[in-house]
Amino acid sequence: MNIKAKPIVDGKFWFVEDNGVKVGLLHKLEKNKYVISSKQGETQLKKDELVKTFGNDFFQISNNVKIQTEDIKEMYSYPTSCHPYNPIYDVKRKLPLFTKSPASKSLYCAGFYTIKFNKGWVRSFCPKLITIERYENRGPFKNELELKQAMANVKSD
């Protein structure tokens with residue numbers, strides 16, 4: 001077993017790989033707390049527990065990996081497609097909302113969603129609020145692994 005954390009977003013997200021095969025996603029919550037998401041579910045660990053379990057070289061440093069630091073932003077622990085302005089958390093609908101510019105009036109939902117259109121369920125990243133209001137949906141999800149699990153669930157329903 002050769003498990004490593006390969007960086008996706010510098011200091012925030014990593015693919016968890018076993019001998020080069022993706023087996024999960026690692027997300028940093030706060031300070032030294034992390035969540036590993038895999039087919040078996042989610043596990044919350046501290047950094048020292050990760051290192052103790054998987055070894056000192058768990059957090060792989062690779063010059064071959066292009067680390068995205070400017071493209072992906074975050075709001076209320078949900079990824080966004082751009083820098084979020086005017087962040088709002090709609091408690092009633094449990095939606096993290098933002099605008100793409102300071103003066104904009106169009107609201108977008110942070111995170112990943114599944115949305116049911118006439119042709120079936122589709123994946124969506126940071127859809128407009130109006131789309132979420134008009135169509136049946138599931139979300140928000142914090143990462144693509146959760147989204148894939150939700151897509152599998154809605155397709156089997």
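For the residues Y89, Y113, the requirement of being hydroxyl-bearing (S, T, Y), outside any loop (DSSP other than H, G, I, E, B) and either assigned by TED's automatic domain parsing to the domain that holds Y34 or at pLDDT 95 or above (or both) singles out Y113. For T131, only one of the following conditions fails: (1) surrounded by 11 or more Cβ atoms within 10 Å (Cβ to Cβ); (2) modelled with pLDDT under 95. What is its number? Here T131 clears every test but (2).
For F98, are the conditions met, namely being surrounded by 15 or more Cβ atoms within 10 Å (Cβ to Cβ), at pLDDT below 85, more than 13 Å from the chain's Cα centre (by Cα) and not basic (K, R)? It is false that F98 is surrounded by 15 or more Cβ atoms within 10 Å (Cβ to Cβ), at pLDDT below 85, more than 13 Å from the chain's Cα centre (by Cα) and not basic (K, R). Scanning the stretch 16-40 for residues that are within 15 Å of D57 (Cα to Cα) and either surrounded by fewer than 18 Cβ atoms within 10 Å (Cβ to Cβ) or at pLDDT below 80 (or both) returns E17, D18, N19, G20. Residues in the stretch 115-140 that are free of Cβ contacts under 8 Å to residues at least 60 places away in the same chain and under 18 Å from H27 (Cα atoms): F125, G139. Applying the condition of being charged (D, E, K, R) and more than 25 Å from C126 (Cα to Cα) to the stretch 50-86 and asking which residue is modelled with the highest pLDDT yields K52.
The values are calculated or read from the model by the stated rules, or taken from the named source; none is laboratory data. All of these numbers come straight from a predicted model, not from anything done at the bench. Methodologically, a virtual Cβ is constructed for each residue, glycine included, from the backbone with ideal geometry; neighbour enumeration extends over all protein chains shown.
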